[in-house]
């Protein structure tokens, strides 16, 4: 290969087309895959395959996406969702998702990782969808079919680190890394390097343009370290995406532990990012309904209901307050003025289930009556709701942490997984920690697959009807009004009861009164039409585990 300037090298190879395999030789005898490989048929260390990006024949020419106000997001892991563990397995269950009423399917990361199973956050070749799920054209077919059925397709992407095995960039592009700065997953990426910035921005455009995706969820952007005075990778990415997709509804969603609201829209359409995952809603709801106070739940346990009400009304519960879990550091920016649908709320997601030692779902940890109130809050508040696969029928299957490493790395991952729980009271005894499922065992992965047969069993089918009914109510009553909705206000009504209201155009209001506690509460019954009630009375009474939603003056 000949130098081409700027640190690049090139060579022209004649007579090779789609299907050809190739590697780069960076030193005598040292051959590595293409860092922008479109496909790795033989895993991360094997040769890259030439893929014709125009070979797939699309059928979605008229598709322009859907507005964010219509989003009800369904997060899934391709390997665990369907029995076949591939893109075709997802496609086989689209009828179920259509009946459920969700409008956006979010795939956990698919970038190529080492081995046969992984959550996806250990990807090392961000342009190559992992071969364990199928070929690139199978992913394109899934997206195409989803568009035909009216679903948006979002992809979770990881731009804050590379996985621990199969990443060769440090061998020939050491300037991509900051050895003096670290993330929880290793050396921080050097986002002040213009080539690295372009690598990831082009990756975002690649997924949106070549795979016709409707949006990206950016994992843990708080771990993207930039030098002081940097021009802002997240700003540049958003600008480039908006410039490249002016005639489409494309959505960029952040995961950002810093609770920074300056990325989020006050007006429509969003000019940067559409939304952010709202951990505050989850943590407050979970702490209240389970009474757990370990880890980050310590920030919510004492006043969980107040945190929950504030998160519903204003987006974040932490808007500049000090976090006990973070050693007293200030966390968050004011969020009350942000468009309420710019927050993504959830009671489960891959992290909040899978980061538990035994992968328990919230339906295993809390009483059903109390959860019905929380799910009504999830779907009938203006924030966009997210459902984690199987949650809609209260799946009995756990979602466990799993990967497929070997040797010293495998041993380190296994030991590290068990060490993570040292600070939790339930695992203080060394005799308990060995019971934590082995993340390297194939059985751990298999146990995390959904059991579709149970969805039709009476208890699970009843829960499915309950959730699909809430989604239908949201679509019918709330979604048409989200464009006109204003900032919320909240007030406490009793020991565990509260009310939240949002102004609507024309002087009407969207009002939720909820009591997920044990003690009845009294309030003045709001005037207007009852949109939804569970275990509530028509007057001002709020019995335990009740909720009332009203559209009125």
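The values are calculated or read from the model by the stated rules, or taken from the named source; none is laboratory data. What you see is a predicted model, and the numbers here were worked out from it, not measured in a lab. No Cβ is skipped: glycine too gets one built from the backbone with ideal geometry, and neighbour counts run over all protein chains shown.
Looking at 238, 285, which is the one that is under 19 Å from residue 153 (Cα atoms) and in a helix (DSSP H, G or I)?
Exactly one residue qualifies, and that residue is 238.
Checking the conditions here, which among 203, 193 is touching a strand residue (DSSP E or B) at 6+ places or on another chain (Cβ under 6 Å) and buried (at least 16 other Cβ atoms within 10 Å of the Cβ)?
203
Which residue out of 138, 204, 244, 187 is within 25 Å of residue 117 (Cα to Cα) and without any contact (Cβ under 8 Å) to a residue 40 or more places away in the chain?
Residue meeting the stated conditions: 187.
For residue 279, work out the one condition from (1) farther than 19 Å from residue 500 by Cβ; (2) modelled with pLDDT of 95 or more; (3) surrounded by 15 or more Cβ atoms within 10 Å (Cβ to Cβ) it doesn't fulfil.
(1)
Kindly indicate which of 506, 469, 483 is over 27 Å from the mean Cα position of the chain (by Cα) and in a helix (DSSP H, G or I).
The unique qualifying residue is 506.
Please enumerate the residues belonging to region 503-521 that are surrounded by fewer than 23 Cβ atoms within 10 Å (Cβ to Cβ), closer than 26 Å to residue 69 by Cα and touching a strand residue (DSSP E or B) at 6+ places or on another chain (Cβ under 8 Å).
Scanning region 503-521 gives 503, 504, 508, 509, 511.
Please determine, by comparing only the residues of region 208-247 that are within 21 Å of the chain's Cα centre (by Cα) and over 20 Å from residue 270 (Cα atoms), which one is modelled with the lowest pLDDT.
Checking each candidate, the answer is 225.
Within the bounds of region 265-273, is there any residue that is crowded, with 19+ Cβ neighbours inside 10 Å and in contact (Cβ under 8 Å) with a residue 12 or more places away in the chain? First the steps, then the outcome.
Pass one, region 265-273, residues crowded, with 19+ Cβ neighbours inside 10 Å: 270, 273.
From what's left, in contact (Cβ under 8 Å) with a residue 12 or more places away in the chain: 270, 273.
Yes, region 265-273 contains at least one residue that is crowded, with 19+ Cβ neighbours inside 10 Å and in contact (Cβ under 8 Å) with a residue 12 or more places away in the chain.
All but one of (1) crowded, with 21+ Cβ neighbours inside 10 Å; (2) at pLDDT 95 or above hold for residue 462; which doesn't?
Of (1) crowded, with 21+ Cβ neighbours inside 10 Å; (2) at pLDDT 95 or above, only one is false for residue 462: (1).
Scan region 345-368 and tell me whether some residue there is within 26 Å of residue 482 (Cβ to Cβ), touching a residue at least 60 places away in the same chain (Cβ under 8 Å) and part of a strand (DSSP E or B).
yes
Where residues in region 141-177 are touching a residue at least 60 places away in the same chain (Cβ under 8 Å) and more than 30 Å from residue 194 (Cα to Cα), which of them is surrounded by the most Cβ atoms within 10 Å (Cβ to Cβ)?
The extreme case among them is 152.
Take region 288-310 and flag every residue that is crowded, with 23+ Cβ neighbours inside 10 Å and not in a helix (DSSP H, G or I). I'd like the intermediate steps shown before the answer.
Here is the first cut: in region 288-310, the ones crowded, with 23+ Cβ neighbours inside 10 Å are 288, 299-300, 304-305, 307-310.
Residue satisfying the conditions is 300 alone.
Residues that are over 28 Å from residue 478 (Cα atoms), in contact with a helix residue (DSSP H, G or I) (Cβ under 6 Å, 6 or more places away or on another chain) and modelled with pLDDT of 95 or more, at least 3 per element: which helices (runs of 4 or more DSSP H) completely within region 53-107 meet that?
Result: 87-91.
Yes/no per residue for (1) within 18 Å of the chain's Cα centre (by Cα); (2) surrounded by fewer than 19 Cβ atoms within 10 Å (Cβ to Cβ):
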residue: 101; (1), (2): no, no
residue: 116; (1), (2): no, yes
residue: 126; (1), (2): yes, no
residue: 135; (1), (2): no, yes
residue: 139; (1), (2): no, no
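Do the conditions hold for residue 43, that is, is it touching a strand residue (DSSP E or B) at 6+ places or on another chain (Cβ under 6 Å), in a loop (DSSP other than H, G, I, E, B) and modelled with pLDDT of 95 or more?
No.
Out of all the residues in region 9-24, which are under 19 Å from residue 195 (Cα atoms) and surrounded by 10 or more Cβ atoms within 10 Å (Cβ to Cβ)?
Scanning region 9-24 gives 9, 24.
Looking at 285, 313 in this structure, which one is buried (at least 22 other Cβ atoms within 10 Å of the Cβ) and either in contact with a strand residue (DSSP E or B) (Cβ under 7 Å, 6 or more places away or on another chain) or under 25 Å from residue 109 (Cα atoms) (or both)? Talk me through it step by step, then tell me what you get.
Details: 285 fails: either in contact with a strand residue (DSSP E or B) (Cβ under 7 Å, 6 or more places away or on another chain) or under 25 Å from residue 109 (Cα atoms) (or both).
Matching residue, one of 285, 313: 313.
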